[in-house]
Amino acid sequence: MLFGFVLLFGYAFVVWLVFFKFKWMKFNIAWGVVSVSVGLHLLLIFLLGLRYVAPYATEARLIQHTIQLVPRLPEPTLVTAVLVEANTPVRKGQPLFQFDRRPYQYKVNQLEASLAKARQDVLVMKNDIQINAEKVVKLRSELKYAEYQQKLSAKLAKQGAGPEEDAQKWSAQAAAYAAGVKEAQAEEERARLRYASEVDGVNTTVAAVQAELDQARYYLDNTLMVAPEDGYIINLQVRPGMVAGEVRFGAIASFICDADRYLLANFFQENLKYVKPGQLVEAALDLYPGQIFPGRVEAIWQGSGAGQMLPSGTLPNFSYVPTEVPQGQFAVAIRLDGEDQARFPIGTQGRATIYTNPDSGFVVLRRIGIRAYSWFNWLYPFSG
């Protein structure tokens, strides 16, 4: 910057010597236009220096993460209590809203009873295996007896010592016992399969009921909505008696997180040529007239929606953009210094400047400019 001042004052001194001191040339309108034009071009040195050494953002806003509070319930549920106040800090895990527990408690009770029954049924299936095994043994014994009687009756009937009907009766009885043995064996196998049906060592029926019970307990736990992080709620409209749940679309409140808030400033793309993370930043926030807040560059968002094309069957149509329309900008995330970040609420706006070379003389000019803006906020807007 010193070179620029020397060049500018040197040029002014030469003009003074030529036209006014020694009057080597007559100063007229033409020479006046030329002299002023050359002087204005020399001023471009300061413009270029400020743009690249101390880029300036006229639009900067405080950004905070927000969490949309959506009831995690499977059906519309009555809000029975609001346990938080608007604009009041809350800690992570602190209760916010209480929903009607009764329908979810009833479901848990029902499934707990079903789980107890399913576990009892497993013991019954184990006994069914033993019962069907004993039934097979009994029917096999009766089959052997019927086969013996059939052979004996057939022998007596052949010798004329007994009726043929007895042989036929015992033959039919043996066939019935044989069918009974097969049926009992099938029932035993079915009972064994039902008893042996397991997932990770747990009977499948018991596992299915346990899964339903776990889900019911999950919904019961979610009848109490708690704070996901440290933060607060603005514009609290939830009241006891309202119904929230699956039928309502969207959240019932927005939770503003305290952690990881940052200042997002927009810069012209070419001004970011020498900007890097970690560089010194000064911000003037409209909320605090006359104050300057230091910070550091955290990240440069090298991209914008202007370069995004969504999948479509329509070919891109590029149109002429007038030169007076502002060019695209990139955003820079800035982390402001200070432990008390609560001073910077969400949406706070202002301006910011980045010092790519803090030792440059151009920084002095930018420091004056941003402080002038901050002090001017005492007067503007003129609201009376």
Check: Which ordering of M225, M125, M309 is given by a fewest-first count of other beta-carbon atoms within 10 Å?
Finding: M309, M125, M225
Check: By count of other Cβ within 10 Å, fewest leading, how are I252, I368 ordered?
Finding: I368, I252
Checklist line | Packing-based ranking, highest mean first, of 115-121, 78-84, 332-338, 282-288 given that Cβ atoms within 10 Å are counted | finding: 282-288, 332-338, 78-84, 115-121
Notebook entry, point to check: So if R0 is 45 Å, what FRET efficiency would L310 and L365 give, r being the distance between their Cβ atoms, rounded to the nearest 0.05?
Noted result: 0.55
Check: If the chain between F376 and Q105 were fully stretched, how many nm would it gain, using 0.36 nm times the residue separation less the Cα-Cα distance?
Finding: 91.5 nm
Notebook entry, point to check: Long-range amide H contacts for D230: which residues qualify at under 5 Å (H placed 1.01 Å from N, peptide plane, sequence gap of 5 or more or a different chain)?
Noted result: K92, D258
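Here, each number is a calculation from the coordinates, and none is a lab measurement. From a predicted model like this one, the values you see are computed outputs, not experimental measurements. Quick reminder, even Gly has a Cβ in these numbers, built from the backbone with ideal geometry, and neighbours come from all protein chains shown.
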